[in-house]
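Everything on this sheet refers to the single structure shown next.
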Amino acid sequence: MLTLGGCAGSPAARSRDGEGGHPLVVSLNPCTDAIAAETAAPGQLLAISHYSHDPSASSMNPALARSFAATGGTVEEVLALDPDMVIAGAFLPPSTRRALEDLGIRVETFGIASSVAQSQAQVARMGDLLGEQGKARALSRRIEDAVQDARTDGTSVDAVLWQPGGIVPGEGTLVGELLRNAGFANYTAARGLGQASYLPLEAVIADPPQVLLVAGNERGQQHPALREIPGMTVARFDPSLLYCGGPTIIRAAERLADVRASVE
């Protein structure tokens, strides 16, 4: 499946400049999509992953995502776009990588950033790969500014980030760092829950935090009893802010700052 969006990502709009350090690229991962879309030169990013065209799976602004073509990630689709490079996540199937490299297409993979610093390093690497170091530096400064603006030195507020599936984040995660930066203490970690531990509704009701950030839509996460717990603030947290770094950090930091200010 190859879906053509606006001219920014279509093959007709491209201008090959591989010799000048600006390779034509296809991104196959929603997190690399978001970074590449903000660092690539016009016409350089030929297509992004189909996930970024799906609001439930995307970490990008919908209008920006629709300005690029989307690919399902098959070797045939990528080959039809004739890129110099494919950018993907670390879990790209080895068979897909080998096939692309056998066809002469360079493949670069990015892992999951677990801190703001790691994400900024990925942004810098993307800028180097695309030959757009200036745009990468500008994005990194915007990330740094957003994190700084959200920072608080006040008393920490106990908070639970209730993710899709009823799970919670652990220590050593990007979203965990953003929570601490905005003045939230990891309520679930203090109670022995680690990365992806399940938090049932009954536990929230029996031992409520000061702030409950709801990022899922499970039945328990929408229970009316949550709104009746004295002293607990319930706030929505868009699940699109959970999984990627890069420009997603900016929106996540802003949202957490808004919630922290409402608690004040």
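The values are calculated or read from the model by the stated rules, or taken from the named source; none is laboratory data. Note that the structure is a prediction, hence the values are computed from the model and not measured. Positions of Cβ are backbone-derived with ideal geometry, glycine not excepted, and every protein chain shown enters the neighbour counts. Calculation scope for accessible area: heavy atoms of the full protein, side chains included, ligands and nucleic acids excluded. Shrake-Rupley method; radii C 1.70, N 1.55, O 1.52, S 1.80 Å.
Observations on the model:
- Rolling a 1.4 angstrom probe over the stretch 153-262 with all protein chains present gives an accessible area of which 52% lies on carbon and sulfur atoms.
- Largest to smallest accessible area among 71, 155, 96, 233 [probe 1.4 Å]: 155, 233, 96, 71
- Over the stretch 25-147, the Kirkwood radius and the radius of gyration, each from Cα atoms, give a ratio Rg/Rh of 0.95.
- Highest-first packing order for the peptide set 88-95, 46-53 is 46-53, 88-95, based on the mean count of other beta carbon atoms within 10 Å.
- Average accessible area per residue (Å²) across the chain - probe 1.4 Å, nucleic acids and ligands excluded: 46
- The calculated Kirkwood hydrodynamic radius for the stretch 153-262 is 13.8 Å, given to one decimal from all distinct C-alpha pairs.
- The apolar share of the surface of the stretch 25-147, taken as the fraction of accessible area on carbon and sulfur atoms (1.4 Å probe, ligands and nucleic acids excluded), comes to 54 percent.
- Placing R0 at 41 angstrom, the Cβ-Cβ distance between residue 128 and residue 196 gives a FRET efficiency of 0.80 after rounding to 0.05.
- The stretch 158-181 versus the stretch 22-91: alpha-carbon centroid distance in Å: 27
- If the chain linking residue 261 and residue 151 were pulled fully straight, counting 0.36 nm for each residue of separation and taking away their Cα-Cα distance, it would gain 38.5 nm.
- Cα lying deepest toward the dipole's positive end in the chain, options 121, 133, 226, charges on Cβ: 226
- Cα convex hull volume per residue for the chain (Å³): 124
- Dipole magnitude (debye, nearest 20) for the chain, charges at Cβ of Lys, Arg, Asp, Glu: 160
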